[in-house]
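Everything on this sheet refers to the single structure shown next.
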Amino acid sequence: HLPERLAEILALLRDIGLEPKRLRMVHSRIGEEASLLLLEARRDGRPGLKVESPLFIYRGGGEYSAEVRKIYGD
């Protein structure tokens with residue numbers, strides 16, 4: 001989802017009984033603002049949110065980062 005809607009998303013999740021558990025921001029490149037967020041939630045979970053390291057899609061030369069290549073199976 002869009003990072004600027006994070007506060008709204010967290011409130012809505014709790015309103016429907018879902019507890020946010022893991023959050024990861026996705027950036028196109030190092031030094032750019034996040035363009036997406038990934039969020040995992042659990043029904044009736046205990047409070048506690050783990051903020052994971054950011055995911056960068058591209059590295060300096062415009063190629064996919066090693067992590068993205070691994071996700072895509074390269």
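One table, with the values for the structure above:
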item: Leading residue by the ranking (farthest from the chain's Cα centre (by Cα)) among those in the range 1-36 that are over 30 Å from GLY61 (Cβ atoms) and of a type in the set (Gly, Ala, Ser); result: GLY17
item: The range 49-74 - residue that is in contact with a helix residue (DSSP H, G or I) (Cβ under 9 Å, 6 or more places away or on another chain) and not in a loop (DSSP other than H, G, I, E, B) and, of those, nearest to ILE16 (Cα to Cα); result: LEU55
item: Whichever residue in the range 1-35 is under 18 Å from TYR64 (Cα atoms) and hydrophobic (A, V, I, L, M, F, W, C) and, among such residues, is surrounded by the most Cβ atoms within 10 Å (Cβ to Cβ); result: MET25
item: Matching option when the condition is part of a strand (DSSP E or B) and without any contact (Cβ under 8 Å) to a residue 40 or more places away in the chain, among ARG24, ARG29, ARG14, ARG46; result: ARG24
item: Test: residue in the range 48-64 that is at positive phi, among the acidic types (Asp, Glu) and exposed (fewer than 12 other Cβ atoms within 10 Å of the Cβ); result: no
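Laboratory data are not the source of any read-out in this text; all were calculated from the coordinates shown. Keep in mind the model is a prediction, meaning the values are calculated, not measured. Quick reminder, even Gly has a Cβ in these numbers, built from the backbone with ideal geometry, and neighbours come from all protein chains shown.
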